[in-house]
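First up is the structure itself, then whatever we jot down about it.
The values are calculated or read from the model by the stated rules, or taken from the named source; none is laboratory data. Worth saying up front: this structure is predicted, and the values here are computed from it rather than measured. Note: ideal-geometry Cβ built from the backbone for every residue, glycine included; neighbour counts use all protein chains shown. Surface areas here come from the heavy atoms of the whole protein model, side chains and all, with no ligands, DNA or RNA. Shrake-Rupley method; radii C 1.70, N 1.55, O 1.52, S 1.80 Å.
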Amino acid sequence: MEIPVIKMDELHGEKRSETLQLLHDACAQWGFFWLENHGINEDLMYKIKGLVNKHYEQSMEKNFYNSETAKNLGPDNVVSNVDWECSFMYRHQPESNIHDIPELVCTTLPEYAEEVIKLAERLAEVMSENLGLDKDYLKKAFSNPSVGIKAAKYPRCSHPEFVMGLRGHTDAGGIILLLQDDLVPGLEFLKDGRWMPIPPTQGNRIFVNLGDQVEVISNGIYKSICHQVVPNKNGSRLSIATFYNPGPDAIVFPAQKLTYPSQYRFKDYLEFYSTTKFTDKVSRFQTTKMIFK
């Protein structure tokens, strides 16, 4: 199976309808996809990769390999409750913590975050449109979105069979946009009951997956999918994930337009159905909600 590829520039022009449908299917059937032609400056993507790699090599790598977890890993010490991961979190908005990471006080992280926010907002608009909602619905539902960047390295591991790089989980938030390694694999998503490897990035692609709150707001139409990272014995994997999440005080609930009607007598529904049998089901449900609310 091929992971869906969405070309953002084709949302404008003659391929718009086809691309909207492709994006809808990716969100509903996969919960993750590749983005191409997304508009993020390629030089900026290169700079942030270099910045994170340098920070890892100068400030994190030695401490990691000197940790008890790293030194003791082996057949007699299988690790099940710790991740084989080095990471830091840059909070961009509503309040930045850039000065808590002195080695990274520069314009690269904030500039990259702003570029990704624009992309996330464009995605939120077309996802809302695909769901039949106002195009600003998701952005409003997120209510002053929180944005942060988790920069991680999954260090080379001599015994990858005894530890997970990152244990299986779904993401709690909204839209996750990942800039990842272009050489070392390791990310896997659950698809149809099997772990599907996500290959290293080609070119300047961005990998996108949806979080729990998008699944809730879409009333389960769009999916938040379990994923994990397996360590690699041949190299260290880079991961720069930007989280476009609801604000901390956002009240999250399914969009009313997407919920099923509730609390009606079956015979009342049958009477209405008898006159609307050959109309669209979704429209019938919407009308049922208004009649029997």
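Residue count for segment 244-264 under the criterion of being in contact with a Leu (Cβ under 8 Å, 6 or more places away or on another chain) and either outside any loop (DSSP other than H, G, I, E, B) or hydroxyl-bearing (S, T, Y) (or both): the result is 3.
Identify the single condition in (1) within 18 Å of A120 (Cα to Cα); (2) part of a helix (DSSP H, G or I); (3) in contact (Cβ under 8 Å) with a residue 24 or more places away in the chain that K49 does not satisfy, given that it satisfies every other one. That leaves (1) as the condition not met.
Do we find that Q202 is in contact (Cβ under 8 Å) with a residue 12 or more places away in the chain, closer than 30 Å to R156 by Cβ and either in contact with an Asp or Glu (Cβ under 9 Å, 6 or more places away or on another chain) or crowded, with 17+ Cβ neighbours inside 10 Å (or both) in this structure? Explain how you work it out, then say what you get.
On the way: in contact (Cβ under 8 Å) with a residue 12 or more places away in the chain: yes; closer than 30 Å to R156 by Cβ: yes; either in contact with an Asp or Glu (Cβ under 9 Å, 6 or more places away or on another chain) or crowded, with 17+ Cβ neighbours inside 10 Å (or both): yes.
It is true that Q202 is in contact (Cβ under 8 Å) with a residue 12 or more places away in the chain, closer than 30 Å to R156 by Cβ and either in contact with an Asp or Glu (Cβ under 9 Å, 6 or more places away or on another chain) or crowded, with 17+ Cβ neighbours inside 10 Å (or both).
Out of (1) in contact with a Phe, Trp or Tyr (Cβ under 7 Å, 6 or more places away or on another chain); (2) small (G, A, S); (3) not in a helix (DSSP H, G or I), what's the single condition that is false for A120? Failing condition for A120: (3). Scanning segment 219-263 for residues being open to solvent by 10 Å² or more (accessible area, probe 1.4 Å), of a type in the set (V, I, T) and within 19 Å of the chain's Cα centre (by Cα) gives a total of 4.
Just name the residue that is farthest from F253 (Cα to Cα) out of those in segment 122-150 that are among the charged types (D, E, K, R) and in contact (Cβ under 8 Å) with a residue 40 or more places away in the chain. Going through the qualifying residues, I end up with K150.
Out of all the residues in segment 162-185, is one or more among the acidic types (D, E), under 23 Å from C27 (Cα atoms) and in a helix (DSSP H, G or I)? Among the residues of segment 162-185, not one is among the acidic types (D, E), under 23 Å from C27 (Cα atoms) and in a helix (DSSP H, G or I), which makes the answer no. Would you check which residues across segment 99-136 are over 30 Å from S17 (Cβ atoms) and crowded, with 17+ Cβ neighbours inside 10 Å and list them? Residues satisfying the conditions are L104, L109, Y112, A113. The residues of segment 137-152 that are open to solvent by 20 Å² or more (accessible area, probe 1.4 Å) and either in a helix (DSSP H, G or I) or within 22 Å of M60 (Cα to Cα) (or both), listed by number, are Y137, K139, K140, A141, K150.
Run down L133, L138, L119 and say which single residue is touching a Ser or Thr at 6+ places or on another chain (Cβ under 6 Å) and either at pLDDT 95 or above or hydroxyl-bearing (S, T, Y) (or both). Break it down into steps so the answer makes sense when it comes.
On the way: L133 fails: touching a Ser or Thr at 6+ places or on another chain (Cβ under 6 Å); L119 fails: touching a Ser or Thr at 6+ places or on another chain (Cβ under 6 Å).
Result: L138 is the single residue among L133, L138, L119 that is touching a Ser or Thr at 6+ places or on another chain (Cβ under 6 Å) and either at pLDDT 95 or above or hydroxyl-bearing (S, T, Y) (or both).
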